[in-house]
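The values are calculated or read from the model by the stated rules, or taken from the named source; none is laboratory data. What you are looking at is a predicted structure, and each value in this text was computed from that prediction instead of being measured. Counting neighbours? That spans all protein chains shown, and the Cβs are built from the backbone with ideal geometry, glycine included. The area values use the complete protein model at the heavy-atom level, side chains included, leaving out ligands, DNA and RNA. Shrake-Rupley method; radii C 1.70, N 1.55, O 1.52, S 1.80 Å.
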Amino acid sequence: MRYAEFSNGTKIIDGERGIADLHILLCGLCASRVMIIGDRRMLSEGCLDRVKSSVSKDGEVAIGAVYLGENLQDSASILKDMYFVYMSNGCDGIVVCGSGKLVDYAKLLRLELSTQVKDISKFFNKSTIGRKVIDVPLIAIPCRFGMGNECNALAVFYDAQKKLSRNIFHELLSPDYCIIDSNIMLSASRASMAYGVLNTLGKAIDGFIAMHYEVVGIAIKQVEDHAIGKIFSQVALTNLRSKALDMLESSQEDKMMDFALESAYLSKGLDGRGMGMIYSLALAISDVKGINYLECLPVAIRASLDFNLRVCKEKYSQALWSFVGWQEYSQYPQDDRAKRFVSCVKEFVDELLAKYVEEYAPIIFNDDERQAIAIQLSYNPHMLNNPRRYDPIAIKAVLV
């Protein structure tokens, strides 16, 4: 078992039986009666039974309630139900086993409970600061790698009034622990792992480019955070392709766990600062088209790279000049490097989809959908924090 801790507070623990000491961690956080959050897939695969067994081991921590998330598109309804179940069962801590929106809702529930602010829309404005009134322990156990939300201070809430996803930043959104358990991770399909690789790739690209030019757009305030983010992004990009293919082709548990751990490190090292065009674009496409976020990642990666070449070609080329991680790309002259890097990434994305995602279907946009996506991005603070001018015309042009 290994342990890692970074600036945003979430402690990462991984190992073959990572959740075996879950009850000890909860006792250390002063939790005595917890609410376990999962879904029916995790229940049918026996993952929730293992979590429940570990929580109740030695009898020091009780299970107050088990909540199975359904209809995860309705953020307000899900949070209202979670809040009612938590309070009515006298819980004082949260354990979430899952990924994606399920983890986001557990984090938002903690934010509501800790600040005693029930209206989550109060946090849409970045100037709003919620003070912690009650300590609510939160432990996240991801069921797939690459998502990153199990160890950062960001959560997504679907705003039904404006029909778009809102990104919320708050230090209380960082879980106390992220436990990467190999037995739970291995339950994911190869297609799910391939999408996890794409999600990690998107974060690494956005993080490297954004961190490289902190003076453009909204400046990064702390030099240390900038340095950490840049290092993590560059290291992740350098090794990502070879490690990802090796991991997917070998099916070895240790390689999968190493990749999962590095993906979590990347999310923590960046912690949402300055990254986000690929993430934001995939989220907007998901909202407009009604397609799963992960399935939107391939087109979002391609479109974001094409957008960079159109809108900020000079800065993009300068940033990539200092990165020599992919051999095919680094052999080209500086003037051609940006285009070649884009080609290398697109080839890698196509290779992953062809080998591991059998049912992937290309996404086609009409003019109204392109317009709706451009409007959604204008509301997204992630998008606006990137070192590129927001150009809705260029956004629509690259969505082909």
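Summary of computed values
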{"quantity": "Residues of region 274-305 classified as open to solvent by 10 Å² or more (accessible area, probe 1.4 Å), in contact (Cβ under 8 Å) with a residue 12 or more places away in the chain and farther than 18 Å from Leu237 by Cβ, total", "calculated": "10"}
{"quantity": "Filter result for Phe323 (in a loop (DSSP other than H, G, I, E, B) and either closer than 25 Å to Lys163 by Cα or polar (S, T, N, Q) (or both))", "calculated": "no"}
{"quantity": "Boolean, Val117 is part of a strand (DSSP E or B) and either open to solvent by less than 10 Å² (accessible area, probe 1.4 Å) or of a type outside the set (D, E, K, R) (or both)", "calculated": "no"}
{"quantity": "Lone qualifier among Arg110, Arg131 - being in contact with a helix residue (DSSP H, G or I) (Cβ under 8 Å, 6 or more places away or on another chain) and surrounded by fewer than 16 Cβ atoms within 10 Å (Cβ to Cβ)", "calculated": "Arg131"}
{"quantity": "Unique match (being of a type in the set (S, T, N, Q), outside any loop (DSSP other than H, G, I, E, B) and closer than 21 Å to Gly196 by Cα) among Ser317, Ser343", "calculated": "Ser343"}
{"quantity": "Test: residue in region 154-164 that is farther than 30 Å from Leu240 by Cβ, open to solvent by 10 Å² or more (accessible area, probe 1.4 Å) and either among the aromatic types (Phe, Trp, Tyr) or part of a helix (DSSP H, G or I) (or both)", "calculated": "no"}
{"quantity": "Cβ pairs under 7 Å, 6+ apart, first in region 249-264 and at negative phi and assigned to a helix (DSSP H, G or I), second modelled with pLDDT of 85 or more and surrounded by fewer than 16 Cβ atoms within 10 Å (Cβ to Cβ)", "calculated": "Lys255/Asp246"}
{"quantity": "Checking Cys30 against (1) surrounded by fewer than 17 Cβ atoms within 10 Å (Cβ to Cβ); (2) part of a helix (DSSP H, G or I), the condition it does not meet", "calculated": "(2)"}
{"quantity": "Which listed residue, of Gly90, Gly69, Gly100, is surrounded by fewer than 15 Cβ atoms within 10 Å (Cβ to Cβ) and either closer than 30 Å to Asn167 by Cα or out of contact with any strand residue (DSSP E or B) (no Cβ under 6 Å at 6 or more places or on another chain) (or both)", "calculated": "Gly90"}
{"quantity": "Any hit, region 349-370, residues being over 23 Å from Thr200 (Cβ atoms), in a helix (DSSP H, G or I) and at pLDDT below 90", "calculated": "no"}
